[in-house]
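Report on one structure; see the data block that follows.
Each value in this text was obtained by applying a stated rule to the coordinates, not by laboratory testing. Values in this document were obtained by computation on a predicted structure and should not be read as measured data. Using ideal geometry, Cβ is built from the backbone for each residue, glycine included, and neighbour counts are taken over all protein chains shown.
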Amino acid sequence: MKRALKWAVLVILVLFIVAQAYRPDLSGPPVDESKSMRATANLSPEVGAIFDRACNDCHSSKTDWPWYSQIAPVSWWLKSHVDEGRGHLSFSEWGTYPQRKASVKLKEICEQVEAGEMPLKSYLLMHSAAKLSDADRKAICEWTEQERKRTAAAAVEVEPSTPGAESPGTRGSDD
Ligand code: HEC
């Protein structure tokens, strides 16, 4: 029995050491500030600060990797979270989203934080500062609603989709 245990520990140790050779590339996509949410949306400083502390590590190109992200297999797990998070939503690439996509993302941001789905629970274990208060959630949802209205109004100004909308005189014609 003792022998078996010794072997098991040895095998795990060897696997662990070999695993360290498989380092994920943590460098991330290049950052172009002109495409960031800060540069392209009407972000309030308050909500910007909440995103910085609670979301940016997974939803931007500016991930602050903790020391344990250098150690396999944790490194693989964190890297996959960040890749997936960025793929769904990146504040660093916000400016590249067409208006309708951005509008859907804004709605989802509010829904995800209200449902307590974001930030991920596993992240909160190691980042207690990322916890959201009720006031934080409220500020996020008020802002996303405002920003959706603002961008929708701006989009209508750029491309009026219904030609009749510009001539209010035709509306009451059948009175
Ligand atoms: C530890 C990494 C991590 C953190 C921190 C995090 N997210 Fe996420 N987020 C993810 C991952 C992974 C997904 C995709 C899988 C899923 O939905 O669970 C995701 C999905 C989302 C989606 C869904 C997007 C879509 O297109 O479906 C939204 C919205 C979102 N996150 C918003 C936020 C906000 C807002 C914060 C901060 C308050 C935040 N997240 C913090 C990892 C994270």
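Data overview
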quantity	calculated
Of all residues making up segment 1-42, the number that are in a helix (DSSP H, G or I) and among the small types (Gly, Ala, Ser)	5
Entirely in segment 43-155, the helices (runs of 4 or more DSSP H) that have 1 or more residues that are over 21 Å from Pro30 (Cβ atoms)	45-54, 74-88, 99-114, 121-126
Members of segment 121-149 that are within 12 Å of the ligand (Cβ to nearest atom), under 23 Å from Ala102 (Cα atoms) and free of Cβ contacts under 8 Å to residues at least 40 places away in the same chain	Arg137, Cys141, Thr144
